[in-house]
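What follows is a set of notes on a single structure, which appears directly below.
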Amino acid sequence: MQIRPATPADVPAVLPMVAQICALHEVWDAAKYGFLPNPAERYRRCLAQQAASDRSIFLVAEREPGDRDQVVELVAFLVATIEAEIPIYRLQAFGFIHDLSVEPTHPQLGLGRPLVERALQAFRDKGIAQVRRETAVANEAARRLFQSCGFRMSTIELLADLSHKQN
């Protein structure tokens, strides 16, 4: 496996993974993750911009071709950005990991950790002192992965869904 910076040409291969993430998130919490139709396609332009931005970390992991097959296959990706903090804090900017996905057919490859570590190093190289990540309540595996990479619990988001009638 090779982990490398993504290019705009990688975006079409990443979109099916985006669709899988969106579908899973919507199953976990439809009120929080209520997507408009075809969220992966809506993400296309954003990912192409992230691949070209110096304020983004967009990485892909590719499986090298085997003896019979000559096609390089993208099997995981991570996309993160540098975000501005509101001006009441000492910290002016932080890294934010938006998405991390490993193809369900390749979870045993252990790609999550090296993708996160590579992103953390890229943020360090850009002078970013703090990186954040949100995870769904149902995503215990992601919390374990990120905690093993040095993340700690920081805040807990609460959600009140006002679209439903109260008794």
Q: Provide the convex hull volume over Cα atoms per residue for the stretch 103-157, in Å³.
A: 93 Å³
Q | Selection from Ala30, Leu120, Leu47 lying farthest towards where the dipole of the chain points positive, charges on Cβ | A | Leu120
Q) Given the rule -39500 (n - 2.57) for each run of at least 4 DSSP H residues, summed and divided by the residues of the chain, what is its mean residue ellipticity at 222 nm, to the nearest 500 deg cm²/dmol? A) -10500 deg cm²/dmol
Q | Size of electric dipole in the chain: Cβ of Lys, Arg +1 and of Asp, Glu -1, about Cα centre, debye, nearest 20 | A | 460 debye
Q | Mean separation of Cα contacts under 8 Å (6+ apart) over length of the chain, as relative contact order % | A | 19 percent
Q | Approximate shape of the stretch 6-59 as ellipsoid semi-axes (Cα gyration tensor, √5λ), whole Å, largest first | A | 23, 11, 9
Q) Which distance in nm do the two modelled labels at Ala136 and Lys32 give, with both placed 7 Å along the Cα-to-Cβ direction? A) 0.9 nm
**Q.** Spread of Cα-to-Cα distances over 10 Å intervals beginning at zero, given as percent, for the stretch 27-167
**A.** 9, 33, 37, 16, 4, 1, 0
Q.
Loop-only GluC sites (Glu not before Pro) in the stretch 118-158, please: DSSP not H, G, I, E or B, and at most 14 other Cβ atoms within 10 Å.
A. Glu134, Glu157
Q: Taking 7 Å along the Cα-to-C-beta vector as the label spot, tell me the Ala84-Gln121 distance in nanometres, rounded to one decimal.
A: 3.1 nm
Q.
If neighbour count is taken as other Cβ atoms inside 10 Å, put Leu111, Leu145, Leu162 in order from fewest to most.
A. Leu162, Leu145, Leu111
Q. Among all helices in the chain defined by DSSP H, which have a length of 15 Å or more along the axis from Cα atoms plus a Kyte-Doolittle mean of at least 0.5?
A. 11-28
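Where a number appears in this text, it was derived from the coordinates with a stated rule and is not lab data. All figures in this text were calculated on a predicted structure; none of them were measured in a lab. Neighbour counts run over all protein chains shown; Cβ positions are idealised from the backbone, glycine included.
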